[in-house]
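The values are calculated or read from the model by the stated rules, or taken from the named source; none is laboratory data. All values derive from a computational prediction rather than experimental measurement. Note that each Cβ is placed from the backbone with ideal geometry, even for glycine, and that neighbours are counted across all protein chains shown. These accessible areas exclude ligands, DNA and RNA; they are computed on the full protein's heavy atoms, side chains included. Shrake-Rupley method; radii C 1.70, N 1.55, O 1.52, S 1.80 Å.
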Amino acid sequence: MEIVLLLIPLALLFLAGAVWALFWALRKDQFDDLDNASWRVVFEDREQRKGRPDTSKEATDHSGPRDS
């Protein structure tokens with residue numbers, strides 16, 4: 001039963017830390033744009049591929065009929 005005297009203040013301390021961290025994150029604009037950051041990786045990859053030659057099977061398939 002004596003452990004409750006330690007655990008309750010400790011739990012309140014952790015709660016205060018979590019609330020402080022939430023308000024800190026809100027002040028630092030951590031939750032402004034949650035959707036576009038995940039898509040940025042996809043679009044940057046597409047832009048990098050535009051400069052490279054096409055290496056797909058269709059572009060490298062040379063097994064068709066040849067004109068001799």
Residue set Gln48, Gln30; condition modelled with pLDDT of 80 or more, under 24 Å from the mean Cα position of the chain (by Cα) and open to solvent by 80 Å² or more (accessible area, probe 1.4 Å); output residue Gln30
- Would you say Asp33 is without any contact (Cβ under 8 Å) to a residue 24 or more places away in the chain, at positive phi and not in a helix (DSSP H, G or I)? no
